[in-house]
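Bear in mind that the values in this text are calculations on the coordinates, not laboratory data. Here the structure is a predicted model, which is why all the values come from computation and not from measurement. Note that each Cβ is placed from the backbone with ideal geometry, even for glycine, and that neighbours are counted across all protein chains shown.
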Amino acid sequence: MANTIALPQGRARKGFSLVELSVVVIIIGVLAAFGVPRLLQSVERSKASESFKYLASVRAAQERYQARQGTYASDITMLDMEQTAPTYFSVGAITAAGGGSLEDTWSLTLTRSGSSSGYGAYTVTFTHDGYDSLNSDIDADINPQST
């Protein structure tokens with residue numbers, strides 16, 4: 001919608017009114033208010049999926065180690081995996097889960113370092129049974145395992 005204003009010299013001047021520009025700015029603001037949080041959630045969810053992929057690799061390597069040695073490994077370096085350490089998480093130490101021994105059980109926790117998107121620091125824990133939701137405090141919005 002362009003308005004035409006007649007000038008005294010006979011030239012026409014075209015442009016948008018202040019109201020039209022304000023409406024466009026408001027529409028863009030409303031779209032951004034809904035879109036930006038979803039984008040940030042999606043980015044954080046992809047970073048969280050890195051931890052699940054890493055811990056799934058550790059779990060598979062732990063099962064192979066346990067089949068060969070009769071106990072679970074007490075250190076990541078003892079495992080036969082080629083997985084690099086996660087970029088966005090710090091890796092804790094392997095411990096026996098639930099006060100048991102490494103012959104029967106293990107637990108490993110990754111902690112989100114430098115968390116962004118307003119989710120704060122959170123942890124993801126895996127045990128010999130897989131994802132440990134009781135000892136993990138990842139938000140359900142960014143948990144790749146939640147549906």
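For this structure, a couple of remarks:
- In terms of other Cβ atoms within 10 Å, Thr95, Thr87, Thr77 run from fewest to most in the order Thr77, Thr87, Thr95.
- Taken along its three principal axes, the alpha carbon spread of region 44-131 comes to 43, 28, 18 Å, from the longest extent down to the shortest.
- J(HN,Hα) series, region 64-69, from Karplus relation 6.51 cos²θ - 1.76 cosθ + 1.60, nearest Hz, glycine and proline x: 5, 4, 5, 5, 7, 9
- Scanning the chain for GluC sites (Glu not before Pro) in DSSP loops with at most 14 neighbouring Cβ atoms within 10 Å leaves 1-81 as the longest stretch between them.
- Cβ crowding within 10 Å ranks Lys14, Lys53, Lys47 as Lys14, Lys53, Lys47, fewest other Cβ atoms first.
- Its DSSP H runs of at least 4 residues, each contributing -39,500 (n - 2.57), put the calculated 222 nm mean residue ellipticity of the chain at -13500 deg cm²/dmol, to the nearest 500.
- The alpha carbons of region 12-94 give a radius of gyration and a Dmax of 25.5, 89 Å, in that order.
- The alpha carbon centroids of region 12-36 and region 40-86 are separated by 49 Å.
- Within-11-Å neighbourhood charge of Leu108 [Cβ basis; K, R +1; D, E -1]: -1
- Cα-Cα separations in the chain greater than 25 Å, expressed as whole percent: 49
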